1. Is one or more of the residues making up segment 12-29 at pLDDT 85 or above and closer than 18 Å to residue 196 by Cβ?
2. Would you check if residue 121 is in a loop (DSSP other than H, G, I, E, B) and either within 24 Å of residue 6 (Cα to Cα) or modelled with pLDDT under 95 (or both)?
3. Looking at the structure I just gave you, is residue 157 touching a helix residue (DSSP H, G or I) at 6+ places or on another chain (Cβ under 8 Å), within 18 Å of residue 201 (Cβ to Cβ) and surrounded by fewer than 19 Cβ atoms within 10 Å (Cβ to Cβ)?
4. Suppose the filter is touching a residue at least 40 places away in the same chain (Cβ under 8 Å) and closer than 18 Å to residue 175 by Cβ; does residue 108 pass it?
5. Output the number of residues of segment 81-98 satisfying the condition of being touching a residue at least 12 places away in the same chain (Cβ under 8 Å) and either within 26 Å of residue 62 (Cα to Cα) or exposed (fewer than 15 other Cβ atoms within 10 Å of the Cβ) (or both).
6. Select from segment 68-78 the residues that are touching a residue at least 60 places away in the same chain (Cβ under 8 Å) and crowded, with 17+ Cβ neighbours inside 10 Å and write down the one among them that is nearest to residue 43 (Cα to Cα).
7. Does segment 46-67 contain at least one residue that is in contact (Cβ under 8 Å) with a residue 24 or more places away in the chain, surrounded by fewer than 22 Cβ atoms within 10 Å (Cβ to Cβ), more than 19 Å from residue 173 (Cα to Cα) and touching a strand residue (DSSP E or B) at 6+ places or on another chain (Cβ under 8 Å)?
């Protein structure tokens, strides 16, 4: 049964075109730059958390990456991406799931998340997310959230804003920070949203 959050996002993707939602990027340049910085082979396993109908998957396929998973709570969002990609969509593993309910034994070299984590506004949901990431990530994480100068809401929902220090503190038990940047994202409506992007390396587990 579809929950309220799923219904919210399915409605958004059913009723709005890419130019009508704030997160749209024609070229996901920062996400690509962070993924490239890990210097991984094209066989690296990459998962895009909350990928929706983002064009990140288009660019990764074009660059020759062979193992891409796109996860989103909205089936409508993923259907839009599949339609856009056409036959290339068959090269991608598509997963409809709330990230805090995601269950998989697969290990990923890159866990990419632009603008999902900041929608988790309770300690319980953040803890559930980090537990999933801790089990699934073998290599690196690239995560983008609203900064402390970013909006307090997105798509009508409250968000949790982060600084480099607070985001690093949330991930410190399983991940070591590599670097962080802040940047302004220009929305299709020509407004600015300040984002914090950080990369992390999975800490070695001690037996």
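The values are calculated or read from the model by the stated rules, or taken from the named source; none is laboratory data. Note that the structure is predicted; figures quoted are calculated from it, not measured. Counting neighbours? That spans all protein chains shown, and the Cβs are built from the backbone with ideal geometry, glycine included.
1. Yes, segment 12-29 contains at least one residue that is at pLDDT 85 or above and closer than 18 Å to residue 196 by Cβ.
2. So residue 121 fits the description; yes.
3. In short, no.
4. When the stated conditions are applied, residue 108 passes them.
5. 12
6. Checking each candidate, the answer is 72.
7. yes
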